[in-house]
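The values are calculated or read from the model by the stated rules, or taken from the named source; none is laboratory data. On a predicted model such as this, the values are computed, not experimentally measured, just so you know. Here Cβ is always computed from backbone atoms with ideal geometry, including for glycine, and neighbour counts include all displayed protein chains. Surface accessibility is based on the protein's heavy atoms, side chains included, excluding ligands, DNA and RNA. Shrake-Rupley method; radii C 1.70, N 1.55, O 1.52, S 1.80 Å.
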Amino acid sequence: MGADRLLHLVRAPAAAAPSARTSGHPQPQNRVHLPQPAAAGMRRVAVSCSGSGSGSNSADEEGMTYKGAGVDIDAGTELVRRIRKMAPGIGGFGGLYPHGDEYLVAGTDGVGTKLKLAFDTGIHDTIGIDLVAMSVNDIVTSGAKPMFFLDYFATSRLDVDLAEKVIKGIVDGCQQSNCVLLGGETAEMPDFYKEGEYDLSGFAVGNVKKDKVIDGKNIVEGDILIGLPSSGVHSNGFSLARRVLDRSGLSLTDPLPRNDGVTTTVGEALMAPTVIYVKQVLEIISKGGVKGLAHITGGGFTDNIPRVFPKGLGAKIVTGSWKVPPVFEWLQQVGKIEDAEMLRTFNMGVGMVLVVSKDAADRILEESSPAYRIGEVIQGEGVHYA
């Protein structure tokens, strides 16, 4: 790292391993190549765009789409397919690396163009929760307990007060997931970002015993799908959500329409921090019956649920079996967005899906309230909506 600036930020408890954070102008780093035959990797399709491409819808066209807002999920999927040729084994929610009698499970992510709304609303103290959530919710799908988290904060000119708010949110997220903020990187890059703007990414590592890993291999036809509620949009689909906001004519400080009688501004509804499911999910797993888990992020139900199934199996989802938050109803109505597009872009009120045995379903539903029975595993691949 550059010698002109070095910030030592110790963020772990005294009893934890030493923390490390560096700051300065980024220099090329060596990549660690894990031995592929022994490791199972992860790769998320998470494309974030703020500009419009050639497929962009004009304001007076009927239905808005994610691709029209600048995000091509199919292109991202194709990139993963090509990467898989060079690095076999990727594709899960987290990457598994064997270590003794356990796996280390790693995940990395950002928060996409939700950052744009953080800049516009001035809400910076919860975006760090989103950052932690995106990675720890991924690795817990393997049954892994998060151990530590590292962050990357980049900006053109370091505003210490603003950065402190962001890091405070990261600390809060780590506390919610029972992991340590071990360190991170603060990169100050003049002229690279607009004044007052920044970018974030995060990295989480957890562990799970090899005989306790959840990999979906035992899923069979007739298993039950249980959904855990989201707080709202979470951290995906914001390129489309921001286009809908522009079309609506509302400001971020206007009340969200039809919000079940609750007074919430549009900005507050969209900026609601992502739910961290770690404690709840690990508690459910400890009692048995869980065969697979899907973190519902970019790609929605349609692309994420099939990632946990063995070949030849799919899902039947019963729409209307869970409560859809008003923010999604508003987005769909204003954007005239088709049902299929909503279900492939947003979480629609369910942020985590558990695949459980029939025998365990009723107990898990009773003990995990609020939770919803949203469907079942069926023969035939893909997700079918009823």
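Any chance you could count how many residues in region 151-165 are surrounded by fewer than 22 Cβ atoms within 10 Å (Cβ to Cβ) and either β-branched (Val, Ile, Thr) or closer than 30 Å to Ile214 by Cα (or both)? Working first, answer last.
Here is the first cut: in region 151-165, the residues surrounded by fewer than 22 Cβ atoms within 10 Å (Cβ to Cβ) are 152, 154, 156-165.
From the residues that got through so far, the ones that are either β-branched (Val, Ile, Thr) or closer than 30 Å to Ile214 by Cα (or both) too are 152, 160.
The qualifying residues number 2.
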Candidates Lys145, Lys165 - the one that is touching a His at 6+ places or on another chain (Cβ under 6 Å), at negative phi and of a type outside the set (Phe, Trp, Tyr): Lys165
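Can you name the residue in region 280-297 that is open to solvent by less than 20 Å² (accessible area, probe 1.4 Å) and either small (Gly, Ala, Ser) or over 17 Å from the mean Cα position of the chain (by Cα) (or both) and, of all such residues, is nearest to Lys145 (Cα to Cα)? Steps first, answer last, please.
Going through region 280-297, the residues open to solvent by less than 20 Å² (accessible area, probe 1.4 Å) turn out to be 281, 284, 292-297.
If we keep only those that are either small (Gly, Ala, Ser) or over 17 Å from the mean Cα position of the chain (by Cα) (or both) as well, we get 284, 292, 294.
Values: Ile284: 13, Gly292: 15, Ala294: 16 Å.
The selected residue is Ile284.
Return a yes/no flag: does region 73-87 have any residue that is of a type in the set (Asp, Glu), in a helix (DSSP H, G or I) and in contact with a Lys or Arg (Cβ under 9 Å, 6 or more places away or on another chain). Break it down stepwise before answering.
Our first condition is that a residue be of a type in the set (Asp, Glu); within region 73-87, this holds for 74, 78.
Narrowing the set further to residues that are in a helix (DSSP H, G or I) leaves 74, 78.
Filter once more, keeping what is in contact with a Lys or Arg (Cβ under 9 Å, 6 or more places away or on another chain): 74.
Scanning region 73-87, I find at least one residue that is of a type in the set (Asp, Glu), in a helix (DSSP H, G or I) and in contact with a Lys or Arg (Cβ under 9 Å, 6 or more places away or on another chain), so the answer is yes.
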Residues of region 309-352 classified as open to solvent by 40 Å² or more (accessible area, probe 1.4 Å) and part of a helix (DSSP H, G or I), total: 7
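Restricting to region 360-386, and then to whatever is of a type in the set (Gly, Ala, Ser) and either open to solvent by less than 80 Å² (accessible area, probe 1.4 Å) or part of a helix (DSSP H, G or I) (or both), can you tell me which residue is nearest to Val324 (Cα to Cα)? Spell out the reasoning first.
Taking region 360-386 as the starting set, the residues that turn out to be of a type in the set (Gly, Ala, Ser) are 360-361, 368-369, 371, 375, 380, 382, 386.
Filter again for either open to solvent by less than 80 Å² (accessible area, probe 1.4 Å) or part of a helix (DSSP H, G or I) (or both), leaving 360-361, 368, 371, 375, 380, 382, 386.
Details: Ala360: 25, Ala361: 21, Ser368: 18, Ala371: 13, Gly375: 15, Gly380: 27, Gly382: 22, Ala386: 16 Å.
The selected residue is Ala371.
Listed residues Asp172, Asp109; which is within 30 Å of Val355 (Cα to Cα), surrounded by 24 or more Cβ atoms within 10 Å (Cβ to Cβ), modelled with pLDDT of 95 or more and acidic (Asp, Glu)? I'd like the intermediate steps shown before the answer.
Details: Asp172 fails: surrounded by 24 or more Cβ atoms within 10 Å (Cβ to Cβ).
Step by step, each of Asp172, Asp109 is checked, and only Asp109 is within 30 Å of Val355 (Cα to Cα), surrounded by 24 or more Cβ atoms within 10 Å (Cβ to Cβ), modelled with pLDDT of 95 or more and acidic (Asp, Glu).
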Members of region 181-211 that are β-branched (Val, Ile, Thr) and more than 19 Å from the chain's Cα centre (by Cα): Thr186, Val208
For Val205: the one exception among (1) outside any strand (DSSP E or B); (2) in contact with a helix residue (DSSP H, G or I) (Cβ under 9 Å, 6 or more places away or on another chain); (3) open to solvent by 10 Å² or more (accessible area, probe 1.4 Å): (1)
Condition check for Thr108: among the polar types (S, T, N, Q) and within 17 Å of Thr186 (Cβ to Cβ): no
